[in-house]
1. Return the carbon/sulfur percentage of the accessible area of the range 45-116, one whole number, probe 1.4 Å, all protein chains in place.
2. Pairs of Cα atoms under 8 Å, at least six residues apart: use those to get the relative contact order of the range 75-127, whole percent.
3. In Å², and per residue, what accessible area does the chain have when probed at 1.4 Å with the other protein chains present?
4. Strictly under 4.7 angstrom between C-beta atoms: which cysteines of the chain have no such partner?
5. Over the chain, what is the mean sequence separation of C-alpha contacts under 8 Å (at least six apart), divided by residue count, expressed as relative contact order in percent?
6. I need the Kirkwood Rh of the range 1-78: take the reciprocal of the average 1/r across all distinct C-alpha pairs and report it in angstrom.
7. Could you tell me the relative contact order of the range 166-205? Use alpha-carbon pairs under 8 Å, at least six residues apart, and round to a whole percent.
8. What value does the range 142-187 have for Rg/Rh, both radii from Cα atoms and Rh as Kirkwood defines it?
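The values are calculated or read from the model by the stated rules, or taken from the named source; none is laboratory data. Given the structure is predicted, the values throughout are model-derived calculations rather than measurements. Here the Cβ positions follow ideal geometry from the backbone for every residue, glycine too, while neighbour counts run over all protein chains shown. Accessible surface is based on the protein model in full, side chains and every heavy atom, while ligands, DNA and RNA are left aside. Shrake-Rupley method; radii C 1.70, N 1.55, O 1.52, S 1.80 Å.
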Amino acid sequence: MLEPYLCRPTLRSYAMTAHEQVLMALRYYATGDKMTTIGDTMGFHVSSVSRSVRDVSAALCDIAPQYIKWPTDPAEKMTIKQGFYSIASFPGVIGAVDGTHTRIQSPREYEHTYVNRKGFHSINVQGICDHTGKFLNVSAKWPGSNHDSFIFRSSDIGIHLEGNHRGIDVDGVLLGDSGYACSRYLLTPYLRPSTRAQIKYNDAHAKTRGVVERCFGWWKRRFIVLHEENKCEPGRVAKIAVACAVLHNIALQRHEPMEDDINGPGDNGGNDGAVQGPINDNVRRFITEHYFN
């Protein structure tokens, strides 16, 4: 699949095959080992390992639109909504959104922007997944100091939904934690539930949204490089994160076994300590009154 991206004309007497490059990159993603260790183990110079990781990551990013796709087909949307509804009877859900931090070494430029609320340097990766834990959207370009709500508002999918969302019946809704602002297309829990219906809503919301936490757990458990401190520069780490998201979706597509670990290694973004008030509470109140009353 990646061979057209990896096999280039060369004047050298010996060039690495696409197979060898992919094996080195997979070893790096799966173990987070130093590139010198991978090179010694597989019989290649560290520079060859570095180029392979760079090129395989770029190639996987190039094919990402084939594997990380926002649902547009009505039948696909209905399947996802039914899958989420089967978890805790929460209606109309098309995806669950959250952020997770990928630890990085202190970068040379704009170092302070990468220090997250827990005090370490990171990239805050936004992920939206369906009921099976498959990524529907990934944004991996934001320094760790950025809050989940800001990343969502600034992301392509956030901008798209703000301008084009046609209602819960057509486009469904996302579920996010209290770090996001409640709106007509992204529903959050009640901060202080005061009725039985609101309590039931919050319970169903938490159970349904939990799939994104499991998704991050599977993702980081399979690709340890996302958990260990990465010594690459931030732009390269962002590509590695997207590459691993593509591989995660391919693994799900091929039914690769994965132990269910809801917590997983690493640090999920949570609400970054910032609780957002609702912008538009109409859809949340409608669902609460008609489905949980």
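1. Working: 1710 of 3380 Å².
It is 51 percent, rounded to a whole number.
2. Values: 54 pairs, mean separation 16.6, N = 53.
Answer for the range 75-127 is 31 percent.
3. Values: 14220 Å² over 293 residues.
Result: 49 Å² per residue.
4. Flagged as lacking a Cys partner: Cys7, Cys61, Cys182, Cys232, Cys244.
5. On the way: 512 pairs, mean separation 68.9, N = 293.
After rounding, I find 24 percent.
6. Working: mean 1/r = 0.0711 Å⁻¹.
Taking every pair of different Cα atoms in the range 1-78, averaging 1/r and inverting gives 14.1 Å.
7. Working: 37 pairs, mean separation 12.2, N = 40.
Computed over the range 166-205, the figure is 31 percent.
8. Values: Rg = 11.0 Å, Rh = 11.2 Å.
On the Cα set of the range 142-187, Rg over Rh gives 0.99.
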